[in-house]
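Worksheet for the structure shown next.
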Amino acid sequence: TSTTNESGDMTKYTNHAVQRVLLVDDHCTFAELLTQAIDREPDLVSVGNATTGAGGVSMFANLGPDVVLMDVQLPDIDGFVATAQIVAMNPDTRFLLPTAHVTAAVVHNAATSRACGFLPQDGPFSALPRHIPPPSPATLPVVPPPFHPPLPPRAPHTDHPSPPSPPP
């Protein structure tokens, strides 16, 4: 078995994997580290890395992975557009979004694009396996671990603080 990059380079590996994972992320160092973390897991195997949305869609068509780790911000098309194109090819594909910036808009777009969840970029690589969704797609909720609701508005600031209370 082997892994492929956008240039067509093949790398041999010996992992016996259950889930085939395609990574689409334009941050090369992060992608390399994540690929190494995936390949260390006995039930995961990286089948390729793409640095653009169009490259990810093309590699998906050629490699047919089970899971796609799709960056949201890519240099050509955003990850949600690429995800929609892949879903049109295979609606059973599972998606995780590796991101450090989970906002309400990203959560909404993730839910409407059939993402299964988020892979927090500030989390440990050892947490990766628990974020890869099981093989039953379509009904998995989007559960972003790092997302927090907005803070309530702060009380208005006054230029003159109240005088301290006199001691008893």
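The values are calculated or read from the model by the stated rules, or taken from the named source; none is laboratory data. What you see is a predicted model, and the numbers here were worked out from it, not measured in a lab. Cβ: placed from backbone, ideal geometry, glycine included. Neighbour counts: every protein chain shown. We work out accessible area using only protein heavy atoms, side chains counted, and drop any ligands, DNA or RNA first. Shrake-Rupley method; radii C 1.70, N 1.55, O 1.52, S 1.80 Å.
Observations
- Any hit, region 109-116, residues being touching a residue at least 24 places away in the same chain (Cβ under 8 Å), open to solvent by less than 10 Å² (accessible area, probe 1.4 Å) and assigned to a loop (DSSP other than H, G, I, E, B): no
- Qualifying positions in region 61-77 - within 11 Å of S46 (Cα to Cα) and open to solvent by less than 40 Å² (accessible area, probe 1.4 Å): P65, V67, V68, L69
- Output for region 48-76, where each listed residue is β-branched (V, I, T) and under 20 Å from G117 (Cα atoms): V57, V67, V68, V72
- Among the candidates A37, A82, residue that is open to solvent by less than 60 Å² (accessible area, probe 1.4 Å), at pLDDT below 90, within 17 Å of the chain's Cα centre (by Cα) and not charged (D, E, K, R): A37
- Residue in region 85-94 that is open to solvent by less than 50 Å² (accessible area, probe 1.4 Å), modelled with pLDDT of 65 or more and either assigned to a strand (DSSP E or B) or in contact with a Leu (Cβ under 6 Å, 6 or more places away or on another chain) (or both) present: yes
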